[in-house]
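Student: Attaching a single structure in C-alpha cells format; questions to follow.
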Amino acid sequence: MKNKYGFCLFENAISKKEIAKIKKSSSKFSEAKTLKEDGLTKEDVDLSFRDSSVSFSNDAWIYTLLFPFIEEANENSGWKYEIDSCEPVQIAKYGKDQHYSWHQDGASDHNVVDEKVRKLSLIATISNGYEGGELEFKQIENDGVNVMKPRMSLGSVIIFPSYQWHRSTPVTKGTKQSLAMWCLGPPFR
Ligand SMILES: [Fe+2]
C-alpha cells in the first residue's frame, strides 16, 4: 500500500525541558532490558533483527503532550483513521552497533484476537550526539523501492501509518534514545 503521505514530521516538537522530564520519569519505567532476555517471539529475540534495550511508561502527561501531534497528523495527512487508545509508551535505547531491521509495527488487518490493531505509530528523538541510528522508510514505487530518510533531530516527532515499513540503522557512535507510541483502533474495513 502506498499513500500520499508516508509520514508526517514535526521538527522541534518537544522541548529540551520536556525531554528532560520524560527522561526523569523514566526512573518509574520498568527496568530496561534487552529483548534477548524477554520471553518474546522468536523474531523478537533474533538480535540480527532487533538489538536494543527498552522501557515502558503509562504516564498520562506524556500522552497529553504527544496526542495533539497524532491528531494533527491524522487529520492533515488525510489518513483520518479511527483511533481510540494507545499502548504504553516505549523508550528504546540503541548503543553502538545496535539497530532495528526493516519491519512493520502492525498490519492493521483483522488477524487479531481483541479487535484492536496498531493504526498509527509515533517516534520521537530524545537524544543527540550519536551517529548512525537513522530512521528510514521504504515504499514500492513503480518498479523500484524508494527509501525515505526523514531528518530526525532532538525533539523531532514523526507519525506514520503502522503498516509502513521502517528501520533504525546501526548506531555507529554514542547512544540513541527514542520514544515510541502506538495508537490503536478497530482493523481497517
Ligand atoms: Fe517500529
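Derivation of every value follows stated rules applied to the coordinates shown; laboratory data play no part. Because the structure is a prediction, the values reported are computed rather than measured. Glycine also receives a Cβ, built like all others from the backbone with ideal geometry; neighbour counts cover every protein chain displayed.
Student: Taking a 26 Å limit on the Cα-Cα distance, which of the listed pairs Lys21/Lys93; Lys17/Lys138; Lys24/Lys149; Lys17/Lys116; Lys17/Lys176; Lys21/Lys149 fall beyond it?
Tutor: With Cα atoms farther than 26 Å apart: Lys17/Lys138; Lys24/Lys149; Lys17/Lys116; Lys21/Lys149.
Student: Can you work out ³J(HN,Hα) from phi for every residue in the range 128-144, in order, using Karplus 6.51 cos²θ - 1.76 cosθ + 1.60 and θ = phi - 60°, giving whole Hz and x for Gly and Pro?
Tutor: My calculation for the range 128-144 gives 9, x, 9, 10, x, x, 8, 7, 10, 10, 9, 9, 6, 10, 6, 9, x Hz in order.
Student: Can you give the net charge of the other residues whose Cβ lies under 14 Å from the Cβ of Gly185, counting K and R as +1 and D and E as -1?
Tutor: -3
Student: If I stretch the segment between Leu9 and Ser153 completely, what's the gain in nm (0.36 nm per residue apart, minus their alpha carbon distance), one decimal?
Tutor: That works out to 50.8 nm of additional length.
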